Every structure is written in C-alpha cells, then in structure tokens.
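Student: The structure follows.
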Amino acid sequence: GAGVSQTPSNKVTEKGKYVELRCDPISGHTALYWYRQSLGQGPEFLIYFQGTGAADDSGLPNDRFFAVRPEGSVSTLKIQRTERGDSAVYLCASSRTSGYNEQFFGPGTRLTVL
Amino acid sequence: QKEVEQDPGPLSVPEGAIVSLNCTYSNSAFQYFMWYRQYSRKGPELLMYTYSSGNKEDGRFTAQVDKSSKYISLFIRDSQPSDSATYLCAMRADAGNNRKLIWGLGTSLAVNP
C-alpha cells in the first residue's frame with residue numbers, strides 16, 4: 001500500500017515569504033506527527049495530531065509556525081515570515097491509534113530559505 | 001544536557017564486522033525504545049523497538065535495553081555495505097496518547113566492502 005507522502009520534496013524560498021508543506025498520511029492512520037531535522041541532527045518534534053485536533057503542539061518553535069488537519073487526514077504545516085534558520089528537512093509521520101503505534105515516516109520536504 | 005545522547009561517529013567498519021551502536025538517556029519515564037535507519041535524503045525507517053528492559057533479536061539485528069543504566073544498544077552482525085546509513089535511536093514515555101519521539105543525533109555508519 002501507499003506510504004506517507006509529502007509535497008513538495010524540495011522548496012526554496014526567500015526570507016520573509018510564506019510556505020505551506022503538505023503531508024498525506026497512510027490511509028486509516030489517525031495519528032499524525034511533524035518533525036524537523038537539521039543537518040547532522042536527529043528529528044525534533046513539532047506537533048502531534050490525534051484526528052483533527054492538535055493533541056500536543058509544544059514543539060512548535062514560535063507563532064510563525066502553524067499546522068492544520070481539518071478532515072483528520074491530510075495535514076499542512078504553515079510557516080509565516082520564513083527565516084534562514086527555518087531551513088531544514090520537515091518530516092511527517094503517521095501511526096494507528098491502538099497498540100504499539102509504530103510511526104511511519106515520509107521522505108520529508110527539504111526547505112531552504114535564502 | 002540533551003535528554004538522549006548518541007555519538008554521531010562516523011563509524012567505519014569492514015564488511016562482516018559486528019557493529020555496536022548505543023545511546024544513553026536521562027528521562028526515567030521512557031518506556032519505548034526504537035532504532036531507526038535513515039539513508040541519505042530519505043525518511044527514517046523503523047528497524048527495532050523494545051518495550052521496557054530486555055533484549056530483542058531480528059535476523060542480524062539485536063536491540064538491548066538496560067533501564068537501570070539508562071543505556072540502549074543495537075548490534076549488527078555480519079555487517080553488509082547495504083547497512084551503510086545513519087542509525088538513530090528514539091524513545092518515548094508511555095503516557096496516555098502522546099507518542100512523540102525524542103531522538104538521538106544519529107550515528108553515521110559506513111561498511112566497507
């Protein structure tokens with residue numbers, strides 16, 4: 001079956017611009033996670049959705065970052081007024097709710113802010 | 001101090017060697033311990049997970065957790081060039097529905113033919 005997909009695979013933008021990153025989870029997975037991975041670092045948690053609601057957004061670095069999941073499936077991570085420090089790979093993962101809840105990751109969106 | 005510490009390497013071994021990777025952690029609430037493999041420009045892929053303490057074996061891979069020492073290990077036997085990747089440890093608490101993972105830096109491994 002299809003895995004987690006993320007679009008675009010690469011995004012280059014200029015400082016100060018607005019960007020949207022999209023995640024399509026595995027069908028039937030109710031939990032969805034966003035992580036950010038900088039070069040040479042492990043992923044850093046940003047936000048976790050259970051269904052349509054954000055169950056934990058404690059990892060969002062500031063109010064320029066926002067994420068939605070209006071129908072409990074696709075999620076969009078939105079970054080306003082981008083800064084050079086936002087450059088990283090943004091990873092999305094999804095999991096079932098019951099049991100162990102292995103998180104399956106997408107390939108990521110590589111964001112470069114010039 | 002980070003919650004999870006992992007030596008980034010790089011680690012270079014000859015084909016067929018036994019590889020030992022490890023992480024230490026500080027949060028005693030962690031109950032699930034995972035090892036992910038990440039190839040360049042790809043997302044992490046789960047290799048092994050362990051709940052609480054103990055050992056788990058899957059083919060050439062063995063995961064060990066020692067909660068008393070807050071130390072986890074991954075062993076790779078008969079390493080192959082295709083094992084060359086970054087290996088990340090990740091862990092989480094068993095607290096309600098929040099399953100956010102806390103990650104190590106990742107160890108870069110090169111297996112030379």
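The values are calculated or read from the model by the stated rules, or taken from the named source; none is laboratory data. Quantities reported herein were computed from a predicted structural model and do not represent experimental measurements. For neighbour counting, all protein chains shown are included, and Cβ atoms are generated from backbone atoms with ideal geometry for every residue, glycine included. Note: accessible area is taken over every heavy atom of the protein model, side chains too, but ligands, DNA and RNA are not part of it. Shrake-Rupley method; radii C 1.70, N 1.55, O 1.52, S 1.80 Å.
Student: Look at residue B:56 and say whether it is in contact with a Pro (Cβ under 9 Å, 6 or more places away or on another chain), without any contact (Cβ under 8 Å) to a residue 24 or more places away in the chain and of a type outside the set (Ser, Thr, Tyr).
Tutor: It is false that residue B:56 is in contact with a Pro (Cβ under 9 Å, 6 or more places away or on another chain), without any contact (Cβ under 8 Å) to a residue 24 or more places away in the chain and of a type outside the set (Ser, Thr, Tyr).
Student: Output yes when any residue across segment A:82-101 is under 23 Å from residue B:36 (Cβ atoms), in contact (Cβ under 8 Å) with a residue 24 or more places away in the chain, touching a His at 6+ places or on another chain (Cβ under 7 Å) and open to solvent by less than 20 Å² (accessible area, probe 1.4 Å), and no when none is.
Tutor: Yes, segment A:82-101 has at least one match.
Student: Say we look at segment A:2-33 and pick out the residues that are facing chain B (nearest Cβ under 10 Å) and open to solvent by less than 30 Å² (accessible area, probe 1.4 Å); which of these is modelled with the lowest pLDDT?
Tutor: Among residues in segment A:2-33 that are facing chain B (nearest Cβ under 10 Å) and open to solvent by less than 30 Å² (accessible area, probe 1.4 Å), the one modelled with the lowest pLDDT is A:31.
Student: Same structure again: Could you figure out which of (1) out of contact with any Asp or Glu (no Cβ under 7 Å at 6 or more places or on another chain); (2) within 20 Å of residue B:3 (Cα to Cα) isn't true of residue B:82?
Tutor: Here residue B:82 clears every test but (2).
Student: Here is a list of conditions, (1) open to solvent by less than 40 Å² (accessible area, probe 1.4 Å); (2) within 23 Å of residue B:103 (Cβ to Cβ); (3) away from every other protein chain (no Cβ under 14 Å); (4) not hydrophobic (A, V, I, L, M, F, W, C), and residue A:62 meets all of them except one; can you say which number that is?
Tutor: Going through the list (1) open to solvent by less than 40 Å² (accessible area, probe 1.4 Å); (2) within 23 Å of residue B:103 (Cβ to Cβ); (3) away from every other protein chain (no Cβ under 14 Å); (4) not hydrophobic (A, V, I, L, M, F, W, C), residue A:62 breaks only (1).
Student: Answer with yes or no whether residue A:74 is surrounded by 14 or more Cβ atoms within 10 Å (Cβ to Cβ), out of contact with any helix residue (DSSP H, G or I) (no Cβ under 9 Å at 6 or more places or on another chain), more than 14 Å from chain B (Cβ to nearest Cβ) and free of Cβ contacts under 8 Å to residues at least 24 places away in the same chain.
Tutor: For residue A:74, the condition - surrounded by 14 or more Cβ atoms within 10 Å (Cβ to Cβ), out of contact with any helix residue (DSSP H, G or I) (no Cβ under 9 Å at 6 or more places or on another chain), more than 14 Å from chain B (Cβ to nearest Cβ) and free of Cβ contacts under 8 Å to residues at least 24 places away in the same chain - is not met.
Student: Report whether or not residue A:68 is closer than 16 Å to residue B:41 by Cα and either open to solvent by less than 70 Å² (accessible area, probe 1.4 Å) or modelled with pLDDT of 95 or more (or both).
Tutor: So residue A:68 does not fit the description; no.
Student: Given the structure, is residue A:106 within 20 Å of residue A:11 (Cβ to Cβ), facing another protein chain (nearest Cβ under 10 Å) and in contact with a Leu (Cβ under 7 Å, 6 or more places away or on another chain)?
Tutor: The answer is yes for residue A:106.
Student: Return the residue satisfying two criteria in turn: it lies in segment A:34-52 and is in contact with a Lys or Arg (Cβ under 8 Å, 6 or more places away or on another chain), within 26 Å of residue B:35 (Cα to Cα) and open to solvent by less than 50 Å² (accessible area, probe 1.4 Å), and of such residues it is farthest from the other protein chains (Cβ to nearest Cβ).
Tutor: By that ranking, first place goes to A:49.
Student: Out of B:14, B:10, I need the residue that is closer than 17 Å to residue B:111 by Cβ and at pLDDT 95 or above. Which one?
Tutor: Step by step, each of B:14, B:10 is checked, and only B:14 is closer than 17 Å to residue B:111 by Cβ and at pLDDT 95 or above.
Student: Among the strands (runs of 3 or more DSSP E) lying completely within segment B:1-104, list those that include at least 3 residues that are under 28 Å from residue A:106 (Cβ atoms) and open to solvent by 60 Å² or more (accessible area, probe 1.4 Å).
Tutor: Because the criterion is at least 3 residues that are under 28 Å from residue A:106 (Cβ atoms) and open to solvent by 60 Å² or more (accessible area, probe 1.4 Å), the strands (runs of 3 or more DSSP E) in segment B:1-104 that meet it are B:45-51.
Student: Given B:31, B:6, which one is over 12 Å from the mean Cα position of the chain (by Cα) and within 14 Å of chain A (Cβ to nearest Cβ)?
Tutor: B:31
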